[in-house]
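Have a look at the structure below before the remarks.
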Amino acid sequence: MATSGKSVIVTMRKDASSSTCGRHGRNDRLKDEVYRHMFRLESHRPGAECDLAIALLRASIAADAEPAGRRERQWLKKICPICLAMIESALQSEDHGHQCAQ
């Protein structure tokens, strides 16, 4: 009987955390994508400025789609000015056309 009780508890924990875990996992993936493209831009990879802008838009859309996306919007308010400055700086220093790598 103790074994079945444990499986019920494990099932309840999985059910309780699945909706928040999926949302947090998606938000973490979007943040990782933004940071990855920031590093690519710092490394002067072709198309990184466009990819970073697209990643920011994805994160913004995801934050607005969630009723409880306040934390993500706060993060975006902090990171967007940094990313914008990086993108503008990269575009000013480029001598060739601007193409997206995606």
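The values are calculated or read from the model by the stated rules, or taken from the named source; none is laboratory data. Remember, it's a predicted structure, so these values are computed and weren't measured experimentally. No Cβ is skipped: glycine too gets one built from the backbone with ideal geometry, and neighbour counts run over all protein chains shown. Note: accessible area is taken over every heavy atom of the protein model, side chains too, but ligands, DNA and RNA are not part of it. Shrake-Rupley method; radii C 1.70, N 1.55, O 1.52, S 1.80 Å.
Tell me, yes or no, whether region 64-74 has at least one residue that is open to solvent by 20 Å² or more (accessible area, probe 1.4 Å), at pLDDT below 95, in a helix (DSSP H, G or I) and among the hydrophobic types (A, V, I, L, M, F, W, C). Scanning region 64-74 turns up at least one residue that is open to solvent by 20 Å² or more (accessible area, probe 1.4 Å), at pLDDT below 95, in a helix (DSSP H, G or I) and among the hydrophobic types (A, V, I, L, M, F, W, C).
Close contacts from region 53-70, counting a first residue that is touching a residue at least 12 places away in the same chain (Cβ under 8 Å) and closer than 22 Å to Ala90 by Cα and a second that is part of a helix (DSSP H, G or I) and open to solvent by 70 Å² or more (accessible area, probe 1.4 Å), with Cβ to Cβ under 8 Å and a gap of 6+ residues or different chains, come to Ala55/Arg36. Specify the residue that is most open to solvent (accessible area, probe 1.4 Å); the eligible residues are those in region 25-39 that are within 15 Å of Ile82 (Cβ to Cβ) and of a type in the set (Lys, Arg). Here the answer is Arg36.
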